[in-house]
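Since the structure comes first, as structure tokens, the remarks are kept for the end.
The values are calculated or read from the model by the stated rules, or taken from the named source; none is laboratory data. Worth saying up front: this structure is predicted, and the values here are computed from it rather than measured. Glycine also receives a Cβ, built like all others from the backbone with ideal geometry; neighbour counts cover every protein chain displayed.
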Number of protein chains: 2
Amino acid sequence: MVGARATGSDTGTDESAPGIPSAGDTRVTDLIRDAIVRGEFAPNQRLIEADLSSAFAASRATVRTALLELAGEGLVERLPNKGSRVRAISLKEAIEILEVRIGIEGLCAAKVAEHLRAEDAAEFEWMRAQMIETVAEGDLVEYSLLNRLLDVRVRELSDHVTAAGILARLHAQSVRHQFKLSARPARAKVSVLEHVAIIDAILARDPVAAEQAVRTHLLSVIGALRDLTS
Amino acid sequence: MVGARATGSDTGTDESAPGIPSAGDTRVTDLIRDAIVRGEFAPNQRLIEADLSSAFAASRATVRTALLELAGEGLVERLPNKGSRVRAISLKEAIEILEVRIGIEGLCAAKVAEHLRAEDAAEFEWMRAQMIETVAEGDLVEYSLLNRLLDVRVRELSDHVTAAGILARLHAQSVRHQFKLSARPARAKVSVLEHVAIIDAILARDPVAAEQAVRTHLLSVIGALRDLTS
DNA sequence: GGAGACGAGATTGTCAACGATTTTGGATGG
DNA sequence: CCATCCAAAATCGTTGACAATCTCGTCTCC
């Protein structure tokens, strides 16, 4: 009985309905994290250990461990002696996250441009073509996936575990705010040009240009986010 | 479950209850973190829950909670079913941390330069004078403290909680590598010039120059770290 | 003599119950 | 009618014990 009293869809009676294998071998941490990222738990919603315990058919100690880990990832807020709740990311914080990403993703992009190998270049060329095509067709969902794929590949190829870890955490926190932007066709037309610029700089093996292209893109996202919510 | 605790009028209940974590109010998490940062626990040393439990006079669950939190901060590595150990920061990772700091501290410095207030400017001028003086006198310990103070103040004044949190975590992880550099007089003479450049840029309210000065400084640190360990 | 099976010891993961703390609702007095 | 205080509920933090898992020494067999 998870009290969904905050904003969001009424979870109704069946909590573990779709796609989730009911509390089997999968770790409880992953289940709760997915539930938060997918929006099944609203921001600021209290996460009561006993309720999660029965909802996921796990012991309260297991749930407690999961909440500790998620707090370490910044997804859950733990108030001493008052319980845990889904951490709400304010607009200010969402912009802060984007500002931090300028530095870190810029670093990653520069590293990729510096050490780009031939077989990886082909993949970037493919992504560039696909992005242009999907936006031209208006397939925003597919474009969003390509967008994410570019981020992930740059992160991987940068061979920078520290940056990759930070970016993964920041992404999980801000996935909801990003979602608000990804559904806007006008936004995509601007975004694709910036992404092409990033890929071009990487393919040109120009670290400085790559870093600058990432900065330009993320500043554009910040501006769009500000416009959207003002 | 009758609460025999009278609010306000506390008659007879003894202050020092037995059995309660008599180690004091200090959180076990802080104790273990300090022990790791201060080097009392060597890198890769196994942290056995039962041992820590008796060492800090806390229950195993409390120690477990602490280890979870520290794992979230990146100070402890948790291998499933194999236990926890102090995470060792390799040279490669120390350099990675410095590279990430370029982006984030550059962002913070730019923000400080942009919104600098008069009363804060005075403090930066004081720090600049103190830094020059301590290095001239060869007081490396005091200079190291000033160095750290500058970092902390920039972080605070930037009013950027996301960046501040990441920097705090990275600092805790790399404090040992930083320590190796701070004890070198020749290094201090170079470092102080770079720090003065950062402060000058902030006082000049020049965000771009501040960011660039931070980058120059941290690249210099990276170079020194590479030279030291090659 | 060496490789693999096997069992004892050690360590973590999980569970149910207890104690402490905060919050909430209601009674009481001004 | 409102502020205050107090009891009761709700929830978290902690404890001790038990089960699952891993490590390592030893033993047997080829």
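Overview of values
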{"read-out": "Filtered residues of segment B:35-48 (kept if within 14 Å of DNA strand C (Cβ to nearest atom), surrounded by fewer than 16 Cβ atoms within 10 Å (Cβ to Cβ) and either aliphatic (A, V, I, L, M) or within 14 Å of chain A (Cβ to nearest Cβ) (or both))", "value": "B:I48"}
{"read-out": "B:L116 vs. criteria within 12 Å of chain A (Cβ to nearest Cβ) and either at pLDDT 95 or above or within 14 Å of DNA strand C (Cβ to nearest atom) (or both)", "value": "no"}
{"read-out": "Filter pass, B:K111 being within 21 Å of the chain's Cα centre (by Cα), more than 12 Å from DNA strand C (Cβ to nearest atom), of a type in the set (D, E, K, R) and surrounded by 17 or more Cβ atoms within 10 Å (Cβ to Cβ)", "value": "yes"}
{"read-out": "Positions within segment A:59-70 being touching a residue at least 12 places away in the same chain (Cβ under 8 Å), of a type in the set (S, T, Y) and more than 7 Å from chain B (Cβ to nearest Cβ), in sequence order", "value": "A:T62"}
{"read-out": "Selection within segment B:71-98 - under 29 Å from A:P80 (Cβ atoms), in contact (Cβ under 8 Å) with a residue 12 or more places away in the chain and either small (G, A, S) or within 13 Å of DNA strand C (Cβ to nearest atom) (or both)", "value": "B:A71, B:G74, B:V76, B:G83, B:S84, B:R85, B:V86"}
{"read-out": "In segment B:55-78, residue farthest from DNA strand D (Cβ to nearest atom) [restricted to those that are closer than 17 Å to A:G165 by Cα and not in a helix (DSSP H, G or I)]", "value": "B:G74"}
{"read-out": "Residue in segment A:82-105 that is closer than 14 Å to A:R33 by Cβ and either within 9 Å of another protein chain (Cβ to nearest Cβ) or polar (S, T, N, Q) (or both) present", "value": "yes"}
{"read-out": "Identity of the residue in segment B:19-44, out of contact with any strand residue (DSSP E or B) (no Cβ under 8 Å at 6 or more places or on another chain) and on the phi > 0 side of the Ramachandran plot, that ends up modelled with the lowest pLDDT", "value": "B:G19"}
